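Student: Attaching a single structure in structure tokens format; questions to follow.
The values are calculated or read from the model by the stated rules, or taken from the named source; none is laboratory data. Here the structure is a predicted model, which is why all the values come from computation and not from measurement. Every residue, glycine among them, receives a Cβ derived from its backbone with ideal geometry; neighbour counts consider all protein chains shown.
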Amino acid sequence: MSGVIFTREIVTGLGAAAGALAVAAVLGTAPVATADNNGNDIDWSTLASPAATFPELTYTNVYTLGLGNTVDTWTTVFTGTGLPTTTEVTATLPTGVTEFGSADTFSSELLTSALHGDAYTTAYQLLETMSAGVTTDTFLPLESVFQTF
């Protein structure tokens, strides 16, 4: 059933026989509760608050672009309601300092209840900074982490 969440620890903690019965009950076709919509998906609108606010998606994306004497940073935030908002900030680097390249981070959280959901984070960085005649290269390959809780 796509609308039912259970953790392996709960089923395992019941013992082999009870666990098998619990899994059969959860994965069966019979309705689980009145909040179950046709045995497949939860009708979120019928649940009492605060459960009615789930699922809830939030995310943040920060993109930085080094253009020599300036660094532009765009930050996009989605709080779960309305439209995402993006702000741009341009920073001027000190005299004698230049930066070329880009960096990007993205993180999101999809809550299916107050205690369960998915978290996703990804980042990369490829920058070359020159200051006082010293060049520093920063390279972070694409890192991606997905977590269910």
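Student: Within segment 44-83, can you find the residues that are loosely packed, with under 13 Cβ neighbours inside 10 Å and modelled with pLDDT of 95 or more?
Tutor: Scanning segment 44-83 gives a single hit, G68.
Student: May I pose another question? Out of all the residues in segment 121-135, which are assigned to a strand (DSSP E or B), small (G, A, S) and surrounded by fewer than 15 Cβ atoms within 10 Å (Cβ to Cβ)?
Tutor: From segment 121-135, those assigned to a strand (DSSP E or B) are 121-131, 134-135; that's our starting set.
From the residues that got through so far, the ones that are small (G, A, S) too are 123, 131.
Result: S131, single match.
Student: Another one. Which of the residues spanning segment 70-116 are over 25 Å from the mean Cα position of the chain (by Cα) and of a type in the set (D, E, K, R)?
Tutor: Once the filter is applied, which keeps residues that are over 25 Å from the mean Cα position of the chain (by Cα) and of a type in the set (D, E, K, R), segment 70-116 yields only E99.
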